[in-house]
1. Look through segment 93-109, keep the residues that are surrounded by 15 or more Cβ atoms within 10 Å (Cβ to Cβ) and at pLDDT below 95, and return whichever of them is farthest from GLY159 (Cα to Cα).
2. Is it fair to say GLU15 is without any contact (Cβ under 8 Å) to a residue 12 or more places away in the chain and of a type outside the set (Ser, Thr, Tyr)?
3. Anything in segment 185-208 that is farther than 14 Å from ALA31 by Cα and among the charged types (D, E, K, R)? List them, or say none.
4. Inspect all residues belonging to segment 45-56 and state whether any of them is open to solvent by 10 Å² or more (accessible area, probe 1.4 Å), assigned to a loop (DSSP other than H, G, I, E, B) and β-branched (Val, Ile, Thr).
5. Give ARG148, ARG173, ARG118 a once-over and let me know the one that is within 29 Å of ILE35 (Cβ to Cβ), open to solvent by 30 Å² or more (accessible area, probe 1.4 Å), without any contact (Cβ under 8 Å) to a residue 60 or more places away in the chain and outside any helix (DSSP H, G or I).
6. Do any residues in segment 249-261 that are on the phi < 0 side of the Ramachandran plot have Cβ atoms under 6 Å from those of residues that are among the β-branched types (Val, Ile, Thr) and at pLDDT 90 or above, where the two are at least six apart or on different chains, and which pairs are they?
7. For segment 12-44, name all the residues that are part of a strand (DSSP E or B) and under 19 Å from PHE179 (Cβ atoms).
8. Scan segment 229-254 for residues that are within 17 Å of HIS213 (Cα to Cα) and assigned to a helix (DSSP H, G or I) and jot them down.
Amino acid sequence: MAILEVKHIEKHFGETSVLKDISFSLEKGQALSIIGSSGSGKTTLLRCLNFLETPDQGTISVGGEVLFDASDPATQRESEIRKKRLHFGLVFQSFNLFPQYTALENVTLAKELLARERPDYKPNRRQIHDEIRAEGEELLRQMGLADRMGNYPHQLSGGQCQRVAIARALALRPDILCFDEPTSALDPELTGEVLRVIRELAEQKTTMVIVTHEMAFARDVANQVIFMDDGVIVEQGDPEQVINHPREERTRRFLSRFAEH
């Protein structure tokens, strides 16, 4: 059974239709790359998956549970949406780290806030915080940042900030890790270190949805690729088919323009 099922998602901003009947599924442990030109709807789709935007039509299910149904108001209550966001970890283009917190504090903050809602929090506060801190330290070590845990974002390179952001997303142990153009804000020499981390996550069978403009990366890492244009899925399949041997003319035109740059 697919861990993620998206069925007939539509999204409008005013009279502009941004997503048009989007449907796909993703198996646990697989990586999905979403490619397409700017304005094709990629980021809006990712924001719908994370419930930062509310679709106008369609359903989103994780692990067989319907998390969102546009026809069922009960799935759209803010209290429920807040819980459902925990199924997804999101890594933004521009890091979105809190400048007043260290790398480690950025990683542990959300989990510490959630821990306060636990019924056993007050009598076990110190132990709970020690455990969260230890988990955060381990995640930063995995990101190659063992010597940067006490640094603030302004003391880190762009690549290091993005690796902190990845650790922060992983801290809540989401079912699906989502990336929105994770290297677009980085200088070329820093892009490789972030892509290397995502490759390692793919090798560890982390379930991921990756919006990216890195075609070689999408081809090499993804199990499945979706090409979007003008709010629709034009083509989807394995990387060999979509990137190396696209069937649709729109896909071929996009890849050709990309190659020219």
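The values are calculated or read from the model by the stated rules, or taken from the named source; none is laboratory data. Bear in mind that the values here come from a model prediction, so they are computed numbers and not experimental data. Positions of Cβ are backbone-derived with ideal geometry, glycine not excepted, and every protein chain shown enters the neighbour counts. To get the accessible areas, we keep the full protein, side chains included, count just its heavy atoms, and leave off ligands, DNA and RNA. Shrake-Rupley method; radii C 1.70, N 1.55, O 1.52, S 1.80 Å.
1. Filtering first and then ranking leaves GLN93.
2. Values: without any contact (Cβ under 8 Å) to a residue 12 or more places away in the chain: yes; of a type outside the set (Ser, Thr, Tyr): yes.
Yes, satisfied.
3. To start, the set of residues in segment 185-208 that are farther than 14 Å from ALA31 by Cα comprises 185-194, 196.
Selection gives ASP187, GLU189, GLU193, ARG196.
4. yes
5. Details: ARG148 fails: within 29 Å of ILE35 (Cβ to Cβ); ARG118 fails: within 29 Å of ILE35 (Cβ to Cβ).
Going through ARG148, ARG173, ARG118 in turn, just one is within 29 Å of ILE35 (Cβ to Cβ), open to solvent by 30 Å² or more (accessible area, probe 1.4 Å), without any contact (Cβ under 8 Å) to a residue 60 or more places away in the chain and outside any helix (DSSP H, G or I): ARG173.
6. Sorted first by the residue in segment 249-261, then by its partner, the pairs are ARG250/VAL234; THR251/VAL234.
7. Applying the first criterion (part of a strand (DSSP E or B)) to segment 12-44 yields 12-13, 16-26, 31-36.
Result: LEU19, ILE22, PHE24, SER25, LEU26, ALA31, LEU32, SER33, ILE34, ILE35, GLY36.
8. Within segment 229-254, PRO239, GLU240, VAL242, ILE243, ASN244, ARG250, THR251, ARG252, ARG253, PHE254 qualify.
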